[in-house]
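Chemist: One structure, as structure tokens, below. Some questions next.
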Amino acid sequence: MPVRAIDAVPRAGIGHWPTPLQRCDRLREALGGPGSCPEIWVKREDCSGLGFGGNKVRKLDLILGEAVRAGIDVVMTFGAVQSNHCRQTAAACNVLGLQCELVLARLVPLDDDLYEHNGNVLLDRLLGATLHVADDAVAGLQIFEQRRLALEAEGRRVLAVPFGGSDTLGTLGYVVATEEWADQSAAVGLAGGFDRVITATSTGGTYAGSLLGVKKVGSGARVTGISAYGDAASSATTIVELMSAAAADLGIAPPEPRLIDIRDEFIGGGYGILDGGVVEALRIFARSESLLLDPVYSGKAGAGMISMIRSGELAPTERVLFVHTGGGPGLFAYGDAVLDA
Ligand SMILES: *Cc1c(COP(=O)(O)O)cnc(C)c1O
């Protein structure tokens with residue numbers, strides 16, 4: 001790919017930008033106040049607008065910007081049954097006049113009515129996407145390939161968006177988001193910006209783009225990813241690849257791998273499984289700032305941040321940016337469990 005400035009990447013224009021940057025003093029109070037809790041700011045990627053928003057709109061803005069330019073007419077992607085990424089892809093396709101086919105795999109050991117039909121699945125159906133549900137990842141990928149070949153045989157021009165939208169363009173989306181919060185923090189006079197950025201991570205594009213973006217804007221922030229899926233070592237391998245490709249596209253050097261900081265100790269019972277730490281984080285964020293975290297990703301990131309504050313790893317003198325990646329519709333797939341795991 002040729003070296004290009006980030007502004008030269010085509011955008012689909014599907015999100016509400018800039019998303020707000022919000023100072024959260026009530027959350028700080030709820031976590032012990034200035035004597036024991038850092039200053040907390042939240043980047044509201046949950047407010048990216050389209051189809052209830054979330055971090056995938058940021059990635060799809062670039063991925064589908066390129067797809068529209070390339071004359072794609074069907075978009076296919078893959079995710080868990082309650083995939084936020086699939087819901088945001090379905091929403092993006094509608095406003096761009098693209099057909100959307102989703103393969104949803106049963107990756108979480110939940111099969112009750114709420115999980116299978118409410119939350120993101122309800123929205124996928126309302127948005128009109130074609131759904132294919134598979135019992136596991138292997139079966140899902142088989143269905144995906146069959147459908148893709150069938151569509152291509154009909155002469156359709158198909159774009160297969162990878163898991164979580166984590167490819168080079170998706171990663172560049174989070175470079176854009178990082179430039180956005182860096183500008184916003186400068187505009188409100190935050191000298192020195194942030195000491196730490198915390199985000200949920202799974203397929204890696206949000207983290208990779210954030211760490212690359214921090215380097216690009218010259219911020220000294222350490223970027224910590226709280227894994228919702230995947231151990232720290234394999235996440236880091238993916239992140240190195242994503243950062244290298246995106247940095248090459250921009251003609252800059254990627255961040256050194258030793259700067260990657262992924263925590264996998266908050267995965268708890270596994271991907272998509274609630275635990276007491278997540279339920280507590282959901283409640284604290286909701287009751288202090290009316291921030292609605294999600295059960296699968298941002299709830300784990302919130303639990304991770306709370307734990308790092310309580311252990312003293314995040315000092316009261318620091319300024320922390322929590323990237324709220326969205327996912328709120330997933331709350332309705334878990335029902336009462338989000339109140340008490
Ligand atoms: C997909 C998702 C993430 C993880 O982002 P990646 O770029 O896939 O690592 C975090 N939070 C929410 C709500 C998500 O839907």
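The values are calculated or read from the model by the stated rules, or taken from the named source; none is laboratory data. Not measured: the values here are computed from a predicted model. Heads up, the Cβs are rebuilt from the backbone with ideal geometry, glycines too, and the neighbour counts pull from every protein chain shown.
Chemist: Within the range 130-144, is even one residue at pLDDT 95 or above, touching a Leu at 6+ places or on another chain (Cβ under 6 Å) and buried (at least 21 other Cβ atoms within 10 Å of the Cβ)?
Modeler: The answer is no, given that none of the residues of the range 130-144 is at pLDDT 95 or above, touching a Leu at 6+ places or on another chain (Cβ under 6 Å) and buried (at least 21 other Cβ atoms within 10 Å of the Cβ).
Chemist: Give the residue that is farthest from the ligand (Cβ to nearest atom), with candidates limited to residues of the range 299-308 that are in contact with a Phe, Trp or Tyr (Cβ under 6 Å, 6 or more places away or on another chain) and within 21 Å of Phe52 (Cβ to Cβ).
Modeler: That would be Gly302.
Chemist: Can you tell me which residue within the range 93-124, out of those that are of a type in the set (A, V, I, L, M), free of Cβ contacts under 8 Å to residues at least 60 places away in the same chain and touching a Leu at 6+ places or on another chain (Cβ under 7 Å), is farthest from Leu62 (Cα to Cα)?
Modeler: Leu104
Chemist: Can you tell which of Val74, Val42 is among the β-branched types (Val, Ile, Thr), in contact with a Cys (Cβ under 8 Å, 6 or more places away or on another chain), in contact (Cβ under 8 Å) with a residue 24 or more places away in the chain and farther than 30 Å from Glu145 by Cβ?
Modeler: One residue alone meets the criteria, Val42.
Every residue, every condition in (1) touching an Asp or Glu at 6+ places or on another chain (Cβ under 6 Å); (2) among the β-branched types (Val, Ile, Thr); (3) modelled with pLDDT of 95 or more, yes or no:
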{"position": "Asp7", "(1), (2), (3)": "no, no, no"}
{"position": "Gly15", "(1), (2), (3)": "yes, no, yes"}
{"position": "Cys47", "(1), (2), (3)": "no, no, yes"}
{"position": "Lys56", "(1), (2), (3)": "no, no, yes"}
{"position": "Asp73", "(1), (2), (3)": "no, no, yes"}
{"position": "Asn84", "(1), (2), (3)": "no, no, yes"}
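Chemist: Would it be correct to say that Gly269 is outside any helix (DSSP H, G or I), without any contact (Cβ under 8 Å) to a residue 12 or more places away in the chain and not hydroxyl-bearing (Ser, Thr, Tyr)?
Modeler: Yes.
Chemist: Turning to a different aspect of this structure: Give the residues of the range 50-67 that are over 15 Å from Gly170 (Cα atoms), in a helix (DSSP H, G or I) and either within 11 Å of the ligand (Cβ to nearest atom) or aliphatic (A, V, I, L, M) (or both), sorted by residue number.
Modeler: Leu50, Phe52
Chemist: Can you name the residue in the range 205-223 that is among the polar types (S, T, N, Q) and within 13 Å of the ligand (Cβ to nearest atom) and is also nearest to Lys56 (Cα to Cα) among such residues?
Modeler: Thr206
Chemist: Which residue, of Gly327, Gly272, is within 16 Å of the chain's Cα centre (by Cα), within 11 Å of the ligand (Cβ to nearest atom) and of a type in the set (Gly, Ala, Ser)?
Modeler: The unique qualifying residue is Gly327.
Chemist: I'm checking my understanding of the structure. Among residues of the range 224-243 that are crowded, with 20+ Cβ neighbours inside 10 Å and touching a Lys or Arg at 6+ places or on another chain (Cβ under 8 Å), which one is nearest to His85 (Cα to Cα)?
Modeler: Ranking the candidates gives Ala228 first.
Rundown of residues vs (1) away from the ligand (no atom under 13 Å from the Cβ); (2) in contact with a strand residue (DSSP E or B) (Cβ under 7 Å, 6 or more places away or on another chain), yes/no style:
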site: Gly251; (1), (2): yes, no
site: Arg258; (1), (2): yes, no
site: Asp261; (1), (2): yes, yes
site: Val279; (1), (2): yes, no
site: Tyr297; (1), (2): no, yes
site: Arg310; (1), (2): yes, no
site: Leu321; (1), (2): yes, yes
site: Ala333; (1), (2): no, no
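Chemist: Which condition number in (1) in a helix (DSSP H, G or I); (2) surrounded by fewer than 23 Cβ atoms within 10 Å (Cβ to Cβ); (3) within 16 Å of the ligand (Cβ to nearest atom) is the one that Glu179 fails?
Modeler: (3)
Chemist: Restricting to helices (runs of 4 or more DSSP H) lying wholly in the range 83-171: which have 3 or more residues that are more than 16 Å from the ligand (Cβ to nearest atom) and either under 21 Å from the mean Cα position of the chain (by Cα) or within 30 Å of Gly213 (Cβ to Cβ) (or both)?
Modeler: Counting at least 3 such residues, we get 84-96.
Chemist: Is at least one residue of the range 184-198 part of a helix (DSSP H, G or I), under 18 Å from the mean Cα position of the chain (by Cα), surrounded by 24 or more Cβ atoms within 10 Å (Cβ to Cβ) and not aromatic (Phe, Trp, Tyr)?
Modeler: Looking for residues that are part of a helix (DSSP H, G or I), under 18 Å from the mean Cα position of the chain (by Cα), surrounded by 24 or more Cβ atoms within 10 Å (Cβ to Cβ) and not aromatic (Phe, Trp, Tyr), one finds none in the range 184-198, hence no.
Chemist: Within the range 297-341, take every residue that is outside any helix (DSSP H, G or I) and free of Cβ contacts under 8 Å to residues at least 12 places away in the same chain and give me the one that is surrounded by the most Cβ atoms within 10 Å (Cβ to Cβ).
Modeler: The qualifying residue surrounded by the most Cβ atoms within 10 Å (Cβ to Cβ) is Glu313.
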